[in-house]
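Everything below concerns the one structure shown next.
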Amino acid sequence: PAPAFPALNVWEDEHNVYAEAELPGIGQDALQITVSQGDQLTLAGERRPMESQGVWHRQERGHGRFSRTVQLPALVNPD
């Protein structure tokens, strides 16, 4: 199976839960981050295709809409 996108790291300390995602080429205006049910983190957005005047030799980075939901290790305040 293909790896999940985006790749995520989730960890916590005494007071916070942290999530870090690899999202190359995606600006904040193309990303929605939500927490539902207190422990469901969803990252959704769209990566637009790169425009090029040349000839592609390799195009491994996908484009299009994506959504990934993971369960957080604790209930969080989404604000």
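The values are calculated or read from the model by the stated rules, or taken from the named source; none is laboratory data. In this text, all values refer to a predicted model and were calculated from it rather than measured experimentally. A quick note on method: Cβ atoms are made from the backbone with ideal geometry, for glycine too, and the neighbour counts reach across all protein chains shown. Calculation scope for accessible area: heavy atoms of the full protein, side chains included, ligands and nucleic acids excluded. Shrake-Rupley method; radii C 1.70, N 1.55, O 1.52, S 1.80 Å.
Filter the stretch 12-59 down to the residues that are over 18 Å from VAL70 (Cα atoms), open to solvent by less than 40 Å² (accessible area, probe 1.4 Å) and outside any strand (DSSP E or B) and list them by number. Result: ILE26, GLY27, ALA30. Screening VAL70 on (1) open to solvent by less than 100 Å² (accessible area, probe 1.4 Å); (2) assigned to a strand (DSSP E or B); (3) without any contact (Cβ under 8 Å) to a residue 12 or more places away in the chain shows it passes everything except condition (3).
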